[in-house]
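Engineer: Quick one: the structure is below, questions incoming.
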Amino acid sequence: MDRLNECDGPIYMNPSDGKYSTSRDILFVARGAEAVVEIFSDIAVKTRIPKRYRLKEIDTRMRKNRTFTEARIMSEARRIGIPTPIIKDLSDYVIVMNRVHGRLLKDCITTELCERVGALVGLLHKGGMIHGDLTTSNMILSEDGRIYMIDFGLSFFDTEIESRGVDVHVLFQTLKSTHDGYEDLTEAFKKGYRPILDCADDVLNREREIEKRGRYL
């Protein structure tokens with residue numbers, strides 16, 4: 001982990017121009033529970049970090065599987081029309097992708113944008129994918145006006161109503177806790193979500209059930 005702060009740190013090739021970047025060129029580093037993301041001018045490098053509390057063999061297998069699942073879902077989501085970062089390179093624990101320039105949705109959310117998010121999430125769910133961490137911090141309004149989904153580290157393939165309901169619930173909880181106009185934003189999301197997914201009402205009803213469960217825990 002400390003290597004990120006060393007001047008002689010890791011070297012990556014930018015596939016767009018064949019040039020290499022070192023830790024001297026890192027603009028900033030985002031550290032999460034499962035991974036470290038190094039942000040360069042035009043690329044982002046996500047490295048899934050080892051967990052000392054897990055047996056090495058299990059940890060190695062889990063990190064490989066999660067890295068490849070994340071990359072696969074990012075690519076599949078993009079294939080069906082959801083803007084995601086383009087993957088430039090992939091190894092056992094590392095995903096190199098293009099950097100999306102823009103603003104985090106949490107800093108510019110509106111009802112119009114939330115309706116568009118609803119359509120994107122509907123498309124994701126229709127494609128049999130669950131994001132796993134749908135928050136406005138994991139979406140970017142790009143400079144060309146598109147909404148990108150990022151950080152698929154907890155994503156998985158599933159078509160169950162419960163999984164979709166949990167996905168939507170995570171987003172609704174984010175809207176409720178961090179943004180003004182919660183009711184307007186959630187209604188805008190539903191407006192975008194319903195036309196895309198045939199079972200949207202079932203999912204939204206399940207989200208309400210999940211919300212009620214949480215009240216009594």
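Where a number appears in this text, it was derived from the coordinates with a stated rule and is not lab data. As the structure is a computational prediction, the values presented were derived from the model and not from experiment. So basically every Cβ, Gly included, is an ideal-geometry build from the backbone, and we count neighbours across all protein chains shown.
Engineer: Beyond 25 Å between alpha-carbons counts as too far, so tell me which of Lys126/Lys190; Lys126/Lys191; Lys64/Lys106; Lys51/Lys106; Lys88/Lys191 fall in that bin.
Structural biologist: Lys64/Lys106; Lys51/Lys106; Lys88/Lys191
Engineer: Another one. For the stretch 120-217, rounded, prolate or oblate, judged on the Cα gyration tensor with a ≥ b ≥ c (square roots of eigenvalues), a/c < 1.5 rounded, else prolate if a/b > b/c?
Structural biologist: It is rounded, given that a/c, with a ≥ b ≥ c, falls under 1.5.
Engineer: Cα centroids of the stretch 134-195 and the stretch 96-112: how far apart, whole angstrom?
Structural biologist: Answer, in whole Å: 13.
Engineer: Go ahead and estimate [θ] at 222 nm for the chain from helices alone: -39,500 (n - 2.57) per DSSP H run with n ≥ 4, summed, over the residue count, rounded to 500.
Structural biologist: Result for the chain, helices only: -13500 deg cm²/dmol.
Engineer: Can you pull the one-decimal nm distance between simple spin-label points at Leu104 and Thr69, each 7 Å off the Cα toward Cβ?
Structural biologist: 2.5
Engineer: Under a Cβ-only charge scheme (Lys and Arg +1, Asp and Glu -1), can you give me the dipole magnitude of the chain about the Cα centre, in debye to the nearest 20?
Structural biologist: 560
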